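Have a look at the structure below before the remarks.
Since every read-out is calculated from the coordinates, none of them should be taken as a lab result. Computed from a predicted model, the values in this text were never measured in an experiment. Glycine also receives a Cβ, built like all others from the backbone with ideal geometry; neighbour counts cover every protein chain displayed.
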Amino acid sequence: MARDESLGWRGETIALIDLSSLTPTPELNLYLNAFVTHGLGDRPRVTGARGALAWQSDTRWLLFVEGLAASDGTRACNTGFRFWPLTEDFGIDVVASRVKGYGKTFGIGFGRYGLRLF
């Protein structure tokens, strides 16, 4: 989203994403995603794919590795883990990344999952 002072908030891109997953064993998940984005205005069209492998041998720990490649030259590799202090409700992610053009990064994230409206 972008904000133009004269037009207000407006979208910059329209995206179509295919989400696929496979569970070869109860502890192992494979995710394959493909996407295409169509930039509005003078923004380019970009296609790409993402693959991830996640291993969860225990309900409180999840290990993962993932990669992303896009037609605009974007390349990223991530590896990390999620710890569930509150199983399926609150997770802490620790991720190390290498992104083409940006180098190596490290991040910590917190997520609240399983939100219930009623």
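Would you point out the residue of segment 68-118, among those that are among the basic types (Lys, Arg) and part of a strand (DSSP E or B), that is surrounded by the most Cβ atoms within 10 Å (Cβ to Cβ)? Per the stated criteria, the residue is 82.
Starting from segment 43-54, keep only residues that are surrounded by fewer than 13 Cβ atoms within 10 Å (Cβ to Cβ), then list their pairs with residues that are assigned to a strand (DSSP E or B) whose Cβ atoms are within a distance under 6 Å, requiring at least 6 positions of separation or different chains. Note: pairs meeting the criteria are 45/38. Inside segment 11-28, residues that are among the charged types (D, E, K, R) and touching a Lys or Arg at 6+ places or on another chain (Cβ under 9 Å) make up a count of 1.
The residue list 70, 76 contains one member that is within 28 Å of residue 112 (Cβ to Cβ), within 17 Å of the chain's Cα centre (by Cα) and not acidic (Asp, Glu), which is 76. Does residue 99 satisfy the condition of being in contact (Cβ under 8 Å) with a residue 24 or more places away in the chain and closer than 27 Å to residue 11 by Cα? For residue 99, the condition - in contact (Cβ under 8 Å) with a residue 24 or more places away in the chain and closer than 27 Å to residue 11 by Cα - is met.
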